[in-house]
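Report on one structure; see the data block that follows.
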Amino acid sequence: MASDACAKLPPVSSDYVPKGTYETIAGLKTYVIGPESPSKAVIDIFDIFGISPQALQGADRLSAALDALVIVPDFFEGVYAQPSWLPIDTEEKKAAFGKFRAERADVPRNVEKLIEVRKAAGDRWPSAGDRWGVFGLCWGGKVGVLACGKGNEGPGRVFKVGGTAHPAGLEAEDAEALTAPYICLASPGEPPEAVEKYKEILAKPGKIGVVETYTDMFHGWMGARANLGDEKNKSEYERGYSQVAEFYAQHL
């Protein structure tokens, strides 16, 4: 079960002031929320729009629900994808997005950086021991799932649980490679056949996982695209983070 704080969390706000602080971890400016001597911790990875109020509110909720340290490293170092680039329907937008993907959002390079952050954060908060999880929104989910596959073992490296919401780049081979329990919260905006394949793989013997599609939501409902002024989105945002917290509480 998540902590009793989960039931006492305030309603999601569209005018939210994050409760954490910032420090530098593995050379990255990192949002930090939670106990100074945590017994468990989560690295929370944002979507391509970077550090947003919606992402930080989600991090605060996970921290409160789990009574855990949650950190949000700025993998993009302040240079984020711009909403004005979408849809990518001009050559100018295509060039801007391509440059961003190559320079900031390259997945293999950011998996390596995530592993660096995990080691540095483990040294910074030794009380968490090996009880570390990783959660990612969209692009962040792709980075996180790869870190929970091959090589996910050993002190200062292992992730005991992983998860994603409105995932990007779903591939069956990533699910097959998972060595940690994993939760995937999808929307109708992701390829349904890829979501179904994930569900099939995570139901196999030896795997532990939950795959659910929030049928009334859209790609981004728990991240920077979340419209928390909309009651339906607000309710499903709350439900999504509560579901993630419950899953992580079982495995951290």
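Any read-out appearing in this document is the output of simple, stated calculations on the displayed coordinates, not a laboratory observation. Note that this is a predicted model, so its numbers are computed, not measured. Reconstructed Cβ throughout: ideal geometry from the backbone, glycine too, with neighbour counts over all protein chains shown.
Which pairs in the list 29/119; 40/199; 19/234; 113/160; 119/204 are over 23 Å apart, alpha-carbon to alpha-carbon?
Correct reply: 40/199; 119/204.
Quick one: compute a quarter of the convex hull surface over the Cα atoms of region 31-104 and quote it in nm².
About 5.5 nm², averaged over all directions.
Just the Cα atoms of region 70-121: what Rg and Dmax do they give in Å?
13.4, 41
For residue 197, give me every one of the lysines with a C-alpha distance below 18 angstrom, ignoring sequence neighbours fewer than eight places off in its own chain.
142, 207
Compute, for the chain, the length of the dipole vector about the Cα centre, with Cβ point charges of +1 (Lys, Arg) and -1 (Asp, Glu) only. Units Debye, rounded to 20.
Computed charge dipole of the chain: roughly 460 debye.
Only Cα pairs within less than 10 Å get springs; with that Gaussian network setup on the chain, which residue of 128, 194, 120 has the largest fluctuation?
Looking only at 128, 194, 120, the biggest GNM fluctuation is shown by 194.
So if R0 is 35 Å, what FRET efficiency would residue 88 and residue 230 give, r being the distance between their Cβ atoms, rounded to the nearest 0.05?
Plugging the Cβ-Cβ distance into 1/(1 + (r/R0)^6) gives 0.90.
How long are the three semi-axes of the equivalent ellipsoid of region 31-70, in whole Å, if each is the root of 5 times an eigenvalue of the C-alpha gyration tensor, listed from largest down?
With the √(5λ) rule applied to region 31-70, the semi-axes are 19, 9, 7 Å.
Tell me, what does the Kirkwood hydrodynamic radius of region 53-96 come to in angstroms if you use every pair of distinct C-alpha atoms?
13.0 Å
Relative contact order for region 31-126 using alpha-carbon pairs under 8 Å, separation at least 6, rounded to a whole percent?
Averaging sequence separation for qualifying contacts and normalising by length gives 31 percent for region 31-126.
Arrange the peptides 80-89, 148-157, 31-40 so that the one whose residues have, on average, the most other Cβ atoms within 10 Å appears first.
The peptides rank, most packed first, as 31-40, 148-157, 80-89.
Taking a quarter of the surface of the convex hull around the Cα atoms of region 105-252, what do you get in nm²?
Mean projected area of the Cα convex hull: 8.7 nm².
Would you work out which of 210, 159, 235 lies farthest towards the positive end of the dipole of region 154-248? Charges go on Cβ: Lys and Arg +1, Asp and Glu -1.
159
Looking only at Cα atoms, what is the convex hull volume of region 93-134 per residue, in Å³?
Convex hull volume per residue, Cα atoms: 76 Å³.
Once every DSSP H run of n ≥ 4 in the chain is given -39500 (n - 2.57) and the sum is divided by its residues, what mean residue ellipticity at 222 nm do you get, rounded to the nearest 500 deg cm²/dmol?
-12000 deg cm²/dmol
For region 144-201, just the Cα set please: Rg and Dmax, both in angstrom.
11.6, 38
Where does each of 94-104, 208-218, 49-59 land if you order them by average Cβ count within 10 Å, highest first?
Final packing ranking: 49-59, 208-218, 94-104.
Could you size up the charge dipole of region 97-241 around its Cα centre, putting +1 on the beta carbon of Lys and Arg and -1 on that of Asp and Glu, and report it in debye to the nearest 20?
Roughly 500 debye, rounded to the nearest 20.
How big, in percent, is the set of alpha carbon pairs in region 1-148 lying more than 21 Å apart?
45 percent
Would you calculate the separation in nanometres between label points at residue 172 and residue 196, each defined as 7 Å from the Cα along the Cα-to-beta-carbon direction?
1.2 nm
What full-extension length gain, to one decimal in nm, is calculated for residue 127 and residue 101 as 0.36 nm per residue of separation minus the Cα-Cα distance?
5.8 nm
Taking the convex hull of the Cα atoms, report for the chain its projected area averaged over all directions, in nm².
If I average the Cα hull's projected area over directions, I get 12.7 nm².
How many percent of Cα pairs in region 74-173 exceed 18 Å?
Counting every Cα pair in region 74-173, those more than 18 Å apart make up 53 percent.
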